[in-house]
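Structure, as structure tokens:
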Amino acid sequence: MGHKITVQELEKFANNFNDNPKNQVVARAAQKSGVSMAAYNERVQNELTRVFSTELDTENVTNQLHSGRCWEFATLNILRHQFGKKYHCKNFTFSQSYNFFWDKIERANTFYDNILATADEKLNSRTVEAILGGAGEDGGHFHMGAALIEKYGVVPSYAMPESFNANNTDAFGKTLGDKLRKDALVLRELKQAGKDKEVEQAREQFLSEVYQMTAIAVGEPPKKFDLEYRDDDKKYHLDKDLTPLEFLHKYMGEVDFNDYVVLTNAPDREYNKLYGIPFADNVGGVCRIKFLNVPMEYLETYAVNQLKDGEAVWFGNDVLVQSDRKQGYLDSDLYKYSDLYGVDLSMSKADRLRTGSGYASHAMVLVGVDEDKGQIRQWKVENSWGEKNGDKGFFVMDDKWFKEYVYEVVVHKKYLTSEQVALAEGPVTDLPAWDSIA
């Protein structure tokens, strides 16, 4: 039988609280302005600067608005920086709606695959519940964006502009998720009855309906377009009648996503091991989602090396922790919650992962770093929350925050050791659908 709180205990708790007069002062401040503002550390703004020893030539930022497409924005931002550098057009942007459309179709197909593969499991099994729980969601990983680009190519932002539902995905995601869950019940029943022919007929019908829903909500993607832009020197360029894949291969043909490795720092599990999450792969046979788990020092060192070579770095992080969205600060001492409450709230990175307190909730792009005699002081971050957040859309992150709340970086394999390259290209240990990395 569980513990029952007694009246005597409650009196003791109240006495402990009121015996310290400072608690009443702190309580008034917290109740008046909120716990975050009461715990806010003003000294951070004096310690974080907007000057970096290594900085890419960037200008405008993108805006995902009310959607969970950060992974897609970050992947396309990496590509657009490379396009901008190569063709002297740093403000060029790719259409996020285009790849978002194809993700919904591909992800529905993967969802049906996963439902059929688990048809013999109970509906309330942990695996099936995790699959059903992800129906219609926006979140994703680097390899998911890379897979979509490899299969469908890219188009300029003007060729398929953002729609209301791409910018505000809640309603569309809810209806699509409900449709997929309804389909799951039908497919499970057909599979359990051994009606394989009917399964494929139903899948085709369901995918056609997903296409119809996505086309209505987002718009159909273009099959061809004219590439038209002015570069930074105001020179006009026009290339007519391109397909999305022709555009990718003609203008960005040197980019090979297979040359990039996702390094993760998950100290709750074994280092120097390659992990995969097959239930999250969105495009079959293209760019499997894989993470090479290594100590934090490698994520930092390789990210700095890539920045110094003039290339931005995709990274996954927990932006919801110790961050000031308006000012654009990411600092591990930004909110002094332990001081405010008088309670030790600190947890190790491994414990946060083990308990579900820590996870990669967002993807952004590193575009600068500030070093002093080889020691990293801070990082420049390009976010996808528009120009009204941070310094015209750019954030500054202290290195301790990087160590504590960054979980993934994507770097070219040329920076890795030969042993790490072999691991990244070797056997994969697949993780369950509910794993914290997923």
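Here are the numbers for this structure:
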{"quantity": "Computed helical MRE - 222 nm, the chain, DSSP H runs ≥ 4 contributing -39500 (n - 2.57), nearest 500", "calculated": "-13000 deg cm²/dmol"}
{"quantity": "Note, ³J(HN,Hα) from phi for region 348-359, Karplus 6.51, -1.76, 1.60, rounded to Hz, x at Gly and Pro", "calculated": "6, 4, 5, 5, 5, 5, 5, 9, x, 6, x, 6"}
{"quantity": "Karplus (6.51, -1.76, 1.60) ³J(HN,Hα), θ = phi - 60°, over region 262-275, in Hz, Gly and Pro reported as x", "calculated": "8, 8, 10, 10, 10, x, 7, 9, 5, 7, 6, 9, 9, 10"}
{"quantity": "Percent RCO, i.e. relative contact order, over the chain, from Cα pairs under 8 Å lying at least 6 residues apart", "calculated": "23"}
{"quantity": "Solvent accessible area, Å² - Tyr112, 1.4 Å probe, full protein context", "calculated": "0"}
{"quantity": "Under 26 Å from Lys4, Cα to Cα: lysines that are on another chain or at least 8 residues apart", "calculated": "Lys12"}
{"quantity": "Positive-end residue of Val313, Val35, Ile376, charge dipole of the chain with Cβ unit charges", "calculated": "Val35"}
{"quantity": "Rel. contact order, % - alpha carbon contacts under 8 angstrom, at least six apart, region 333-401", "calculated": "18"}
{"quantity": "Net length gained if the chain between Asp226 and Asn60 were fully extended (0.36 nm per residue, minus Cα distance)", "calculated": "57.5 nm"}
{"quantity": "Contour minus Cα-Cα distance for Ala14 and Ser125 (0.36 nm per residue)", "calculated": "35.6 nm"}
{"quantity": "DSSP bridge pairs, the chain: antiparallel proportion in percent, nearest 5", "calculated": "85"}
{"quantity": "Order of exposure, largest accessible area first, which applies to Thr6, Thr75 with probe 1.4 Å", "calculated": "Thr6, Thr75"}
{"quantity": "Dipole magnitude of the chain, debye to nearest 20 (Cβ charges: Lys/Arg +1, Asp/Glu -1, about Cα centre)", "calculated": "660"}
{"quantity": "Mean Cα-pair separation over length for region 1-110, i.e. relative contact order, pairs under 8 Å, 6 or more apart, %", "calculated": "15"}
{"quantity": "Options Val343, Ser361, Leu431, ranked by Cα towards positive dipole end of region 325-438, top entry (Cβ charges)", "calculated": "Ser361"}
{"quantity": "Pairwise label distance in nanometres, Leu345 with Glu371, each label 7 Å out on the Cα-Cβ vector", "calculated": "3.5"}
{"quantity": "Accessible area in square angstrom per residue, the chain, 1.4 angstrom probe", "calculated": "49"}
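The values are calculated or read from the model by the stated rules, or taken from the named source; none is laboratory data. Given the structure is predicted, the values throughout are model-derived calculations rather than measurements. Please note: Cβ atoms are built from the backbone with ideal geometry, for glycine as well, and neighbour counts cover all protein chains shown. Each accessible area value is taken on the protein alone, full model and side chains, heavy atoms only, with ligands, DNA and RNA left out. Shrake-Rupley method; radii C 1.70, N 1.55, O 1.52, S 1.80 Å.
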